[in-house]
1. I'd like to know if segment 33-41 contains one or more residues that are modelled with pLDDT under 80 and either farther than 14 Å from Leu146 by Cα or loosely packed, with under 14 Cβ neighbours inside 10 Å (or both).
2. Which residues, counting only those in segment 130-184, are surrounded by fewer than 15 Cβ atoms within 10 Å (Cβ to Cβ), out of contact with any helix residue (DSSP H, G or I) (no Cβ under 9 Å at 6 or more places or on another chain) and touching a residue at least 40 places away in the same chain (Cβ under 8 Å)?
3. Quick one: count up the residues across segment 133-173 that are part of a strand (DSSP E or B) and either among the aromatic types (Phe, Trp, Tyr) or at positive phi (or both).
4. Considering segment 113-132 alone, what residues qualify as being in a loop (DSSP other than H, G, I, E, B) and not charged (D, E, K, R)?
Amino acid sequence: MKSFSFIEVIIATLIGSTAFVAILTLAGQNLDAVELPRQRFIAANLAQEGIEVLINMRSSDWLTFPADVVSGRYTKWRGEISPPCGAGDPGCLPYGGPYIVQYDGDRLKVPSGSDADLGIDASERYCHAALPGCTVVRPSIYSRTLTISPVTPVSDHQFKVVSRVAWKYHTKDYAVDIESRLYNWK
């Protein structure tokens, strides 16, 4: 019976180790190839939800303040009342941000130094712990902010909203931005 020499055993171990490392590397890359698109899909939906919540706020505010018209123009359209309303006032969508919003219609300007992190509540919905009605049972990797700005050229009948969802995956920063125009259709 012939036995293996020490050199042959070392070479066989090296070849086996290299193959094992290559297989593990490919498995890790395959997991990333599935996980990152899943995270982007969730982020895109959260960004779209932010836009939809703001559209709903705009529509609800028009129903809440139907007689708030000066010279035939709806004055709470962008907080254009005298005196101007603040970010926390009902019926107010002034330019600026970043704002945080969630599905139940609450919104708040993000205070300096705080974050816009989304958590997951007991109903498995994403929400901002900073807003009333949200009890986070576990954190998420996402944060969402909205900014409201004028369009160019400036128009009394529309403004631009950008919903940004950001997250970190394997020490890299990712973000999804969705832009929409809101129109004064009243």
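1. Taking segment 33-41 first, the residues modelled with pLDDT under 80 are 33-34.
Remaining after also requiring either farther than 14 Å from Leu146 by Cα or loosely packed, with under 14 Cβ neighbours inside 10 Å (or both): 33-34.
Within segment 33-41, one or more residues are modelled with pLDDT under 80 and either farther than 14 Å from Leu146 by Cα or loosely packed, with under 14 Cβ neighbours inside 10 Å (or both).
2. Matches in segment 130-184: Ser149, Pro150, Asp156.
3. Quick first cut of segment 133-173, residues part of a strand (DSSP E or B) only: 138-150, 158-169, 172-173.
Next, only the ones that are either among the aromatic types (Phe, Trp, Tyr) or at positive phi (or both) stay: 142, 159, 167, 169.
Number satisfying all stated conditions: 4.
4. Residues of segment 113-132 that are in a loop (DSSP other than H, G, I, E, B), as a first pass: 113-116, 121-125, 129-132.
Once the filter is applied, which keeps residues that are in a loop (DSSP other than H, G, I, E, B) and not charged (D, E, K, R), segment 113-132 yields Gly113, Ser114, Ala116, Ala122, Ser123, Ala129, Ala130, Leu131, Pro132.
The values are calculated or read from the model by the stated rules, or taken from the named source; none is laboratory data. What you see is a predicted model, and the numbers here were worked out from it, not measured in a lab. Using ideal geometry, Cβ is built from the backbone for each residue, glycine included, and neighbour counts are taken over all protein chains shown.
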